[in-house]
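Okay, structure first, notes after.
The values are calculated or read from the model by the stated rules, or taken from the named source; none is laboratory data. This is a predicted model, so every value here is computed, not measured. All Cβ positions, glycine included, derive from the backbone under ideal geometry; neighbour counts span all protein chains shown. Surface accessibility is based on the protein's heavy atoms, side chains included, excluding ligands, DNA and RNA. Shrake-Rupley method; radii C 1.70, N 1.55, O 1.52, S 1.80 Å.
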Amino acid sequence: MQVEPAAVSCRDDGLEENDTLATATPIAAGNHANLAICANDMDFFVFSVNAGDVVQAGISFSNAEGDLDLYLLDSAGTLLAYSAGGEDGELLTHTAAAAGSLYLAVLGLDGAENGYALALTLEPAVQPCRDDLYEENDTVQTAARLAAGLYEGLAICPGDQDYFAITLNQGDTLGV
């Protein structure tokens, strides 16, 4: 009698079946761990962007265990960017031309199998406006009361108004 261990087959990650654009897994920006590519498999992920957003995506893995490549595609499947090196990870950067859905695809080179982690960062083209510490001072009734002095770091957002109130005594001179 001869006993030989059976080859352990690759185990898909919990996001399968995401093998096509149509079955892509929706993801948000952030880190996604414990993912896997099996032989002749491809993983697709979909996310939304606005025009001008900068997309940075990366996968980390041990190249000695199987070389993986990373691709960025539009909704028609057109290749926008890719990273196909021979290192322990891949990284790509792309500026979105229009608002819509973009797809990340991870593929094992020549049928390679490997586990990986995916990181997605989206930098908005227009940074959101952040009000200063005196909000909510949007009306005369809610004006922020100020004492004499220098005030730095004030901000006003589009469509917003800021009101400030000061107390003057007879004979005071006001300089703004």
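Quick grid of which residues meet (1) under 23 Å from VAL46 (Cβ atoms); (2) open to solvent by less than 70 Å² (accessible area, probe 1.4 Å); (3) small (Gly, Ala, Ser):
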site	(1), (2), (3)
ASN114	yes, yes, no
ARG130	no, no, no
GLU136	no, no, no
GLN141	no, no, no
ALA144	no, yes, yes
LEU150	no, no, no
ALA165	no, yes, yes
GLY171	no, no, yes
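Applying the selection to the range 24-55, what residues are exposed (fewer than 13 other Cβ atoms within 10 Å of the Cβ), of a type in the set (Gly, Ala, Ser) and assigned to a strand (DSSP E or B)? Please lay out each step first, then the result.
Taking the range 24-55 first, the residues exposed (fewer than 13 other Cβ atoms within 10 Å of the Cβ) are 26, 28, 30-31, 33-34, 39-40, 51.
Subset that is of a type in the set (Gly, Ala, Ser): 28, 30, 33, 39, 51.
Correct list: GLY30, ALA33.
Within the range 114-121, is even one residue in a loop (DSSP other than H, G, I, E, B) and at pLDDT 85 or above?
Kept after step one, since they are in a loop (DSSP other than H, G, I, E, B), are these residues of the range 114-121: none.
Checked against the condition, which is being in a loop (DSSP other than H, G, I, E, B) and at pLDDT 85 or above, the range 114-121 yields no hits at all.
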Take the residues in the range 56-71 that are closer than 15 Å to LEU35 by Cα and assigned to a strand (DSSP E or B); name whichever of them is most open to solvent (accessible area, probe 1.4 Å). SER60
When the residues of the range 84-108 are narrowed to those that are within 22 Å of CYS10 (Cβ to Cβ) and in contact with a strand residue (DSSP E or B) (Cβ under 6 Å, 6 or more places away or on another chain), which ends up modelled with the lowest pLDDT? ALA84
